[in-house]
Amino acid sequence: MVPWFGWVGFLAFVAGLITLDLLLFHRRPHEVHTREALVWSGFYVAIGLSFAGLVALTLGGKLATEYLAGYVIEWSLSVDNIFVFVLVITQFEVPAAVQQKVLMWGVMGAVVLRLAFILGGSALLHSFEWAVYVFGGILLVTAIRFVLERDRERSFHDSRVLKALERVVPVTDQYEGERFLVRRDRVRATPLLAVLVLIIVTDVVFAVDSIPAIFAVTTNAFVAFSSNALAVMGLRPLFFVLEDAVARFRFLKLSLAVVLAFVGTKMIVHNWVEIPTALSLAVVAGVMAVGVAASWLFPASRRTERRMSGAPGR
């Protein structure tokens, strides 16, 4: 068990990262270029991997291995989030200068919501042993869905989330800089708020898949949350790295489906077959590496890339 001051220390660390990000990366609204995004993305990956050393020193090597396996899984699933983020930001034509702000607020909301999900999931697993089979089943269903829907086009202009928002507050036709709300004849939301809501709701949907996945490799709530939070924190700079190249990873979703099927099966058979965490980490990393390599060796056609990225065809 991690003492309360361990939780407080980690939450303070996350708050410090957010503050540093706001002071440096968000110092002024600007279009984020690939070089800048690569630096910040590398920074967050380095932080996430280095944190495993702290876990090893304080909680032991076993939990450190579980943390690494969870981090790789959550980072991989975070890449899949970016597929949807690209579609949302492209379809709503979010100005380049404010994309980083809406993504930052979306990530902060995701960290808070995932903490609630993980604490709830941990309590459920400790109170009801049968919940592990439910989580495993969710992952198997998600794996099948990833395979069946990997090429399906999505439209967010007519989404239920956007319609629900418009029933609460009218949405303006144009962006108002970095503002989420404006006052005209009454308080109105800008399209930037609509995009933020869609991003947070999308992450909630993905959390339904990723939270069971993390509990497939660890039952420690602190390890589950820390690996989740540090993977999600790197989402925003990773978005700008992959924004133009995301459609080229044509086999990534198939790799994710295999990973989810593997960890879901592991949860279901845990009472009969014990799969070491180190082996789980090797399988997850190997499957994702194969997916990236296959995407590089067998790239998608231009027409397929346009469809996956949400760009209009000619």
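Can you find even one residue in the stretch 83-93 that is over 23 Å from VAL284 (Cα atoms), at pLDDT below 75, surrounded by 17 or more Cβ atoms within 10 Å (Cβ to Cβ) and out of contact with any Phe, Trp or Tyr (no Cβ under 6 Å at 6 or more places or on another chain)? Yes - at least one qualifying residue is present in the stretch 83-93.
Kindly establish whether LEU11 is modelled with pLDDT of 85 or more, out of contact with any Pro (no Cβ under 9 Å at 6 or more places or on another chain) and closer than 16 Å to LEU103 by Cα. So LEU11 fails the test. From the list LEU49, LEU68, LEU23, the lone residue that is surrounded by 17 or more Cβ atoms within 10 Å (Cβ to Cβ), of a type in the set (A, V, I, L, M) and either in contact (Cβ under 8 Å) with a residue 24 or more places away in the chain or part of a helix (DSSP H, G or I) (or both) is LEU68. The residues listed here are VAL258, VAL292, VAL269; of these, the one that is surrounded by fewer than 23 Cβ atoms within 10 Å (Cβ to Cβ), over 21 Å from GLY121 (Cα atoms), more than 15 Å from the chain's Cα centre (by Cα) and at pLDDT 80 or above is VAL258. Please count how many residues of the stretch 193-223 are over 20 Å from ALA261 (Cβ atoms), of a type in the set (A, V, I, L, M, F, W, C) and modelled with pLDDT of 80 or more. Number of matching residues: 11.
Is it true that ALA56 is buried (at least 20 other Cβ atoms within 10 Å of the Cβ), of a type in the set (Gly, Ala, Ser), part of a helix (DSSP H, G or I) and modelled with pLDDT of 80 or more? Against the criterion (buried (at least 20 other Cβ atoms within 10 Å of the Cβ), of a type in the set (Gly, Ala, Ser), part of a helix (DSSP H, G or I) and modelled with pLDDT of 80 or more), ALA56 does not qualify.
Close Cβ contacts (under 9 Å, 6 or more residues apart or on different chains) running from residues in the stretch 168-185 that are without any contact (Cβ under 8 Å) to a residue 12 or more places away in the chain to residues that are in a loop (DSSP other than H, G, I, E, B) comprise VAL182/THR172; VAL182/GLU176; VAL182/THR190.
The values are calculated or read from the model by the stated rules, or taken from the named source; none is laboratory data. A quick note: this is a predicted structure, and the numbers were derived from the prediction, not measured. Positions of Cβ are generated from backbone atoms using ideal geometry, with glycine treated the same way; all protein chains shown enter the neighbour counts.
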